[in-house]
Amino acid sequence: MAANDLKSRIATLTPRHRQVLRLISLGCSVAEIADILGLAHSTVDNHRSAIMQRLGVGKSVLLARIAIKHRISKVDDKLTASEKRKRGRGKDGWN
C-alpha cells in the first residue's frame, strides 16, 4: 500500500472513526471504548471493522501503528481524566 494511498484513506475517516482509532492506539478494548464513548459494544466493533476495511489492514495492532504514524494519536498520548473515569478500570497503572 502506497503512503499517498493510505493518507487518502485516512482522510475519509469520520470524526467518530478517528476517536475509536485513537482509543485503540491507547490500548483500550472494545468494551472500554464503548464505555468511554457511551456506545454499544457492537457499535464500537462495527467502527473498528469499518476502519480496518477502509485502511486495508487485517490486524488491530496495525491500527495503533497507523494512528501514531499519521498523528491521529501521539506516542506519549494518554487517556484524559474523563476517559479514565468512564473506562471503569480504576487505578490499574495502565495509561
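For this structure, a couple of remarks:
- Complete set of residues in the stretch 20-62 that are polar (S, T, N, Q) and within 20 Å of residue 75 (Cα to Cα): 25, 29, 60
- Unmet criterion (only one of (1) under 15 Å from residue 9 (Cα atoms); (2) modelled with pLDDT under 95; (3) surrounded by 11 or more Cβ atoms within 10 Å (Cβ to Cβ)) for residue 74: (1)
- Checked against (1) touching a residue at least 12 places away in the same chain (Cβ under 8 Å); (2) in contact with a helix residue (DSSP H, G or I) (Cβ under 6 Å, 6 or more places away or on another chain); (3) not aromatic (Phe, Trp, Tyr), residue 41 meets all criteria but (1).
- Residue 68 being assigned to a helix (DSSP H, G or I) and either modelled with pLDDT of 95 or more or over 21 Å from residue 16 (Cβ atoms) (or both): no
- Residues that are without any contact (Cβ under 8 Å) to a residue 60 or more places away in the chain and touching a Leu at 6+ places or on another chain (Cβ under 8 Å), drawn from the stretch 1-15: 9, 13
- When the helices (runs of 4 or more DSSP H) confined to the stretch 1-52 are screened for residues that are modelled with pLDDT of 95 or more and farther than 15 Å from residue 67 by Cα, those reaching at least 3 such residues are found at 30-37.
- Scan of the stretch 1-42 for residues that are under 19 Å from residue 60 (Cα atoms) and hydroxyl-bearing (Ser, Thr, Tyr), ordered by number: 12, 14, 25, 29, 42
- Checking each residue in the stretch 11-59 for being over 9 Å from the mean Cα position of the chain (by Cα), loosely packed, with under 13 Cβ neighbours inside 10 Å and of a type outside the set (S, T, N, Q) picks out 11, 15, 38, 40, 56, 58, 59.
The values are calculated or read from the model by the stated rules, or taken from the named source; none is laboratory data. Note that this is a predicted model, so its numbers are computed, not measured. Virtual Cβ from ideal backbone geometry, glycine too; neighbours counted across all protein chains shown.
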